[in-house]
Amino acid sequence: MKRLIALLLVGIAMLGAGEPRRIVSIDPAVTETVFQFGHGGAVVATDMTSTWPAAAAALPKLGYIRQLNAEGIIAQRPDLVLTSDKLQPRMVIEQLQQAGITVRELPGAADLPALRQRLLGVGEALGESAQAQRLYDGITARIDAVARRHPAGGTGPRVLFILHLMGGDVVCGGSGTAADWLIRACGGRNGIDAPGYKPVGAEALLAMRPDVVVAMSTGPSGPMTRERIVAHHALTGLAAVQSGRVHLVDGTLMLGFGPRLGEAVEAFADLLHGDGAAQR
Ligand code: HEM
């Protein structure tokens, strides 16, 4: 009996040292990865854009990743905070560490090297490194298959990717953004050359003559609708808008750069080329 109790105590101690039991996950890509690895049961709260899978959407929300405060996170008594370098303001990381909380901050960039580090970083934190590598390989295989059908740098459709319509501005994804990466991965051409997410004026939009307009279905300015796009003074004159080539997409799926990136690329290619890539 004494031996059994001793073994149990050792087991509990090992669990305590090894596996995090109260995770706060701040970044949809990170949250999705934790759930993908089967550790969703340990997540106690997330940021507001961690909306997939449904079990993650149902968890308490601590605010937007770029507008956080440390108090809400500390109140969850996490033994691990998993996040990315998108987290703002930066002082929150320091405040969490000062409160004695282990923080694991992963690269948030929208490219494949950062995706790999993100998946492997979450895998390492949860003892799932082999699964992380397999997941990454599966994603890149799907991306490569789309790239073979629709090589980058060709004469694919010119795309205008709208992040939001806040304050009357049309804020679009330029070079170096997740939107730009996605467009290129699907053999499209980004209508915006300037770097980052930028407001673009009516004249520049008309001159760009996009073949397809894509917008996030939910963002900082609330839900997006086709009606809002069609009625917008800077968009209403575009041939793509007048002929109904307007698509609303789930921003977390398409721009989140998480474990569903392979699925996102297939769905986006389907949307640009209508070739059924998502069904293959
Ligand atoms: C439901 C609300 C929101 C959703 C679904 C949302 C979603 C997104 C997505 C998918 C992106 C592109 C991918 C990324 O870099 O993360 C993005 C970028 C961005 N969001 Fe939000 N967002 C929301 C609210 C807000 C709010 C309230 C702010 C104001 C602080 C904000 C500020 C930004 C900024 C500045 C970027 C561009 C970052 C860059 O330059 O790379 N968002 N958002």
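What the table shows:
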{"item": "Which listed residue is more than 13 Å from residue 182 (Cα to Cα), out of contact with any Gly (no Cβ under 8 Å at 6 or more places or on another chain) and free of Cβ contacts under 8 Å to residues at least 60 places away in the same chain, from 231, 267, 240", "result": "231"}
{"item": "Some residue of the stretch 194-209 being in a helix (DSSP H, G or I) and within 16 Å of the ligand (Cβ to nearest atom)", "result": "no"}
{"item": "Qualifying residue in the stretch 63-72 (condition: within 30 Å of residue 269 (Cβ to Cβ) and away from the ligand (no atom under 16 Å from the Cβ))", "result": "no"}
{"item": "Within the stretch 34-127, helices (runs of 4 or more DSSP H) holding 3 or more residues that are in contact (Cβ under 8 Å) with a residue 12 or more places away in the chain and more than 13 Å from the chain's Cα centre (by Cα)", "result": "70-74, 91-98, 112-126"}
{"item": "Residue 167 vs. criteria in a helix (DSSP H, G or I), farther than 16 Å from residue 255 by Cα and either within 12 Å of the ligand (Cβ to nearest atom) or not basic (Lys, Arg) (or both)", "result": "yes"}
{"item": "Flag for residue 153 being surrounded by fewer than 20 Cβ atoms within 10 Å (Cβ to Cβ) and away from the ligand (no atom under 11 Å from the Cβ)", "result": "yes"}
{"item": "Failed item, numbered, when residue 134 is tested on (1) away from the ligand (no atom under 16 Å from the Cβ); (2) in contact with a strand residue (DSSP E or B) (Cβ under 9 Å, 6 or more places away or on another chain); (3) basic (Lys, Arg); (4) assigned to a helix (DSSP H, G or I)", "result": "(2)"}
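Every number in this text was worked out from the coordinates using simple rules, so none of it is lab data. No experiment lies behind these values; they were computed from the predicted model shown. Every residue, glycine as well, gets a Cβ built from its backbone with ideal geometry; the counts of neighbours run over all protein chains shown.
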